[in-house]
Amino acid sequence: MKQLMVRCIYSCTLSFFVLMVSARSNGTKPPAPVADKYIELPVGAIKPKGWLLHQLQIMNNGTTGHLDEVHDKIKIDNGWLGGKGDAWEETPYWLDGAVPLAYLLDDERLKTKVLQYINWTIENQRPSGYFGPVTKWERETGNKISVNDCDKGEDWWPKMVMLKVLQQYYTATNDMRVIKLMNLYFNYQRQTLAACNIGKWTEWATSRGTDNEMIIQWLYNITKDRNLLTLAEQVHQQSFAWSEWLGNRDWVINAATYQNGDRWMTRHGVNVAMALKDPSVQYQRSGDAKYIKALQTGFNDLMTLHGLPMGIFSADEDLHGNDPTQGTELCATVEAMFSLEHIIAVTGDHRYMDALERMTFNALPPQTTDDYNNKQYFQIANQVNIKRGVFNFSLPFNREMNNVLGMRSGYTCCLANMHQGWTKFTTHLWYATPANGLAALHYSPNTVKAKVGASKTEVTIDEETNYPFSDNIQFTMHTKQAVQFPFVLRIPGWCNESIITLNGEPLGKEKGGQVITINRLWKNGDKIVLQLPMTVTTSNWGKNSRAIERGPLVYALKLGERWEKQKEEVEGDYFNVFSEGDWNYGIVEQIVKDPAANVDVTEVKPVSGNFIWNLVNAPVEIKLNAKRIPDWKIVNDVAPQPVTARDGLYMGKVNPQVEKITLVPFGCTKVRIVAFPVVR
């Protein structure tokens with residue numbers, strides 16, 4: 001069955017030759033479409049190892065593997081199992097991460113658990129094609145939703161998430177029931193959108209229609225049913241015009257300026273994170289290069305006006321500028337990661353690969369606890385304490401619970417949605433290429449298995465590395481017979497020059513900011529070693545602050561952590577974390593002028609198979625000179641960034657004593673300073 005699926009991936013999605021559904025309003029002939037640059041591998045083709053495997057095992061032992069046992073919305077009389085309980089987004093959100101985790105780990109317990117929801121969903125599809133929880137009208141009348149009764153149905157939005165769940169399940173199992181369900185459902189949707197448009201029930205569906213289109217177009221690649229293209233265009237026309245907005249700077253400027261209730265859904269951080277993939281979805285269907293340009297403009301503007309050092313934009317809940325005291329919702333991070341994974345497949349642009357890497361290794365790890373049972377709704381870049389309060393958030397909550405580490409802190413959407421971050425990153429470490437090759441576009445310890453070359457020969461590639469902490473990545477080929485195929489490697493933009501060896505012999509040196517292809521006859525046991533020398537650099541962020549970087553990681557001030565467990569009436573147990581030690585430092589200007597010459601990098605401990613993203617396990621430390629800024633103090637629970645002059649220097653009072661401070665990877669911290677003022 002897996003072999004059939006691999007053949008389907010190559011034959012069904014190798015090319016995406018799609019004609020436009022209808023001529024544009026100006027009567028001009030639509031441009032020719034183009035093929036995706038890379039092709040996603042089936043879930044399960046990539047198996048994590050080392051520290052990444054341990055991260056997924058922690059999730060399986062924690063909420064990802066047990067959320068249905070500890071979260072009442074999923075636990076009690078669940079609508080996605082036929083009950084009267086939760087019938088909206090949280091169950092599909094959880095499955096969107098739990099399903100790939102089950103097949104990444106090949107865990108029978110978790111497979112059995114998630115299959116209950118998948119089987120119920122498939123087996124209870126209505127004859128009309130409608131699917132999902134039993135509606136109030138159906139319970140009251142005993143009837144089933146038909147095309148003529150579409151108004152008795154319920155919100156399109158949660159079904160969009162469940163379609164992503166089913167798509168992943170299909171690539172893992174080749175269960176043709178998924179294709180049947182989607183064909184029937186999309187036929188139902190095509191017939192009913194005129195009467196029951198995307199936004200009939202909620203504006204969430206209007207803002208997130210791109211997810212609907214994405215799966216429609218995925219199914220088209222398999223069935224070649226041109227009615228699906230008509231449907232995708234229908235959904236597009238009824239949804240938010242994200243591609244137009246991303247390409248039009250008025251949108252992102254207004255989002256940076258206004259924080260009122262007007263059109264807030266258009267600047268809601270999670271909506272924006274999902275919408276990043278809209279231009280790539282439209283480009284798939286149309287081949288119109290304007291969408292690629294809109295994506296480039298929109299992503300650049302977004303990260304310029306709202307970007308934070310850890311690689312994500314502010315979203316607390318709305319876009320909220322680039323001040324290091326702003327927060328980011330966990331849902332925004334994992335959804336932006338998924339959008340980038342889709343964008344990478346469509347565009348092949350290495351800049352989005354770099355962006356995904358930065359987001360994953362910096363923004364994602366510190367927003368959950370070591371056991372993956374608690375999360376922060378909003379994470380702050382310069383976060384000197386984690387506690388109850390209103391902070392600078394655009395959605396502060398009167399219970400003041402948006403910053404604490406708790407299972408139910410803030411809204412529980414993130415408790416359900418956070419599971420897709422690490423799992424989908426793992427399933428997108430590798431992609432197939434249109435020339436029957438393999439592309440290693442992101443690096444972590446893993447093994448990949450796929451069929452390559454004109455002969456479709458099965459190969460297994462072991463990737464041994466402690467990346468992102470180490471600069472050395474080794475690939476070992478395992479094949480029963482020699483096979484010619486292109487092997488693609490990404491050279492990150494932060495790398496000045498990579499070094500590549502083949503079987504111990506120099507193969508070449510390549511500049512950063514590109515993907516390279518090694519096309520040769522590969523033999524069993526061939527070893528490619530990619531070395532990506534990591535130098536220390538600084539980057540400029542909001543309020544003229546500076547961050548210290550080394551390779552793919554951003555480094556933050558190492559502070560002692562004092563944890564306090566508390567309980568809130570509605571949201572239950574949670575943790576405050578307070579910093580111990582001085583945090584109000586500015587780095588000396590010599591570091592900005594010549595960082596490599598003015599810092600000391602030490603690998604303090606190895607990265608073991610039991611690695612956890614925390615202070616105890618931080619494998620690398622950077623020591624540098626700094627001076628305390630006595631007037632830099634906490635105000636309203638945050639540390640407002642000191643004002644600097646045009647030359648980037650803080651002009652206020654600074655202690656004369658030079659102190660040596662220690663930085664560790666941002667992802668290993670809970671409290672920290674990452675955006676530093678610069679002092680003389």
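Which pairs in the list 277/670; 543/633; 387/670; 111/180 are over 18 Å apart, alpha-carbon to alpha-carbon? If you can, show how the numbers build up before the last one.
Working: 277/670 30 Å; 543/633 16 Å; 387/670 12 Å; 111/180 21 Å.
In this structure, 277/670; 111/180 lie more than 18 Å apart at Cα.
Along the Cα-to-C-beta direction of residue 70, a point sits 7 Å from the Cα; which residues of segment 359-376 have their amide N less than 19 Å from that point?
The answer is 365-376, whose backbone nitrogens lie closer than 19 Å to the label point.
Tell me, what is the FRET efficiency for residue 662 and residue 137 to the nearest 0.05, using R0 = 60 angstrom and their Cβ-Cβ distance as r?
My answer for the efficiency is 0.45.
Starting from the Cα of residue 646, move 7 Å in the Cα-to-Cβ direction to define the label point; list residues of segment 506-546 whose amide nitrogen is under 20 Å from there.
Residues 540-546 qualify, since their backbone N sits under 20 Å from the label point.
Starting from the Cα of residue 449, draw a straight line to each of the aspartates and glutamates and keep only those under 17 Å, dropping any in the same chain fewer than 8 residues away.
The qualifying aspartates and glutamates are 40, 106, 458, 462, 463, 464, 526.
If contacts are Cα pairs under 8 angstrom and at least 6 residues apart, what is the relative contact order of the chain in percent? Please list the in-between numbers first.
Values: 1539 pairs, mean separation 92.9, N = 680.
This gives 14 percent for the chain.
Need one number: % antiparallel among DSSP beta bridges in the chain, to the nearest 5. Numbers along the way, then the final one.
Working: 95 of 102 bridges.
So the antiparallel bridges amount to about 95 percent of the total.
Within segment 530-556, whose backbone N sits under 16 Å from a point 7 Å along Cα→Cβ of residue 501?
Inside the label zone: 530-533.
In whole angstrom, how far apart do the alpha carbon centroids of segment 293-329 and segment 395-456 sit?
Using only Cα atoms to place each centre, the spacing works out to 20 Å.
Compute the distance in nm between two label points, each set 7 Å from the Cα along the Cα-to-Cβ direction, one at residue 224 and one at residue 655.
Spacing of the two 7 Å Cα→Cβ label points: 7.2 nm.
How far apart, in nanometres, would the label points at residue 633 and residue 304 be if each is projected 7 angstrom from Cα along the Cα-to-Cβ direction?
3.8 nm
As a test of the formula, what do you get for the chain when each DSSP H run with n ≥ 4 contributes -39,500 (n - 2.57) and the sum is divided by the residue count, at 222 nm and rounded to the nearest 500 deg cm²/dmol?
Theoretical 222 nm ellipticity from helices: -10500 deg cm²/dmol.
May I ask which of 224/456; 511/558; 290/375; 47/480; 47/567 have a Cα-Cα span longer than 29 Å here?
511/558; 290/375; 47/567
Could you give me the ³J(HN,Hα) list for segment 270-278, computed from phi with Karplus coefficients 6.51, -1.76, 1.60 and θ = phi - 60°, whole Hz, x at Gly and Pro?
Each residue's phi maps through the Karplus curve to give 6, 4, 5, 4, 5, 6, 4, 7, 4 Hz.
So what J values fall out for segment 561-576 if you push phi through Karplus, 6.51 cos²θ - 1.76 cosθ + 1.60 with θ = phi - 60°, rounded to Hz, Gly and Pro as x?
10, 10, 8, 10, 8, 9, 9, 10, 4, 8, 9, x, 5, 7, 10, 8
Using alpha-carbon pairs under 8 Å, 6+ residues apart, how would you state the relative contact order of segment 536-679 in percent?
34 percent.
Stick to Cα atoms and the Kirkwood definition of Rh, then tell me Rg/Rh for segment 297-402.
0.98
Give the Kirkwood hydrodynamic radius (Å, one decimal) of segment 583-632, defined as one over the mean of 1/r across all pairs of different Cα atoms.
13.0 Å
Count charges around residue 415 for me, please; just the other residues with Cβ under 10 Å from its Cβ, Lys/Arg as +1, Asp/Glu as -1. Please list the in-between numbers first.
Values: positive: 73, 375, 408; negative: 90.
Charge balance near residue 415 sits at +2.
How much length would be gained if the chain were fully extended between residue 582 and residue 537, taking 0.36 nm per residue of separation minus their Cα-Cα distance, in nm to one decimal?
13.8 nm
If every alpha-carbon in segment 536-679 counts as one equal scatterer, what log10 I(q)/I(0) does Debye give at q = 0.12 1/Å?
Computed log10 I(q)/I(0) values: -0.53.
Give me the net charge for the shell around residue 469: Cβ to Cβ below 14 angstrom, other residues only, Lys and Arg +1, Asp and Glu -1. All intermediate terms of the calculation are to be shown ahead of the outcome.
On the way: positive: 550, 605; negative: 357, 464, 471, 549, 603, 621.
That sum, taken over residues with Cβ under 14 Å, equals -4.
Pull out the extension gain between residue 297 and residue 604, defined as 0.36 nm times the separation in residues minus the alpha carbon to alpha carbon distance; nm, one decimal.
Details: separation 307, 0.36 × 307 = 110.52 nm, distance 4.09 nm.
Extra length available between residue 297 and residue 604 comes to 106.4 nm.
Each reported figure results from applying straightforward, stated rules to the coordinates on display, with no laboratory input. Just so you know, these numbers come straight off a predicted model, no measurement behind them. Glycine also receives a Cβ, built like all others from the backbone with ideal geometry; neighbour counts cover every protein chain displayed.
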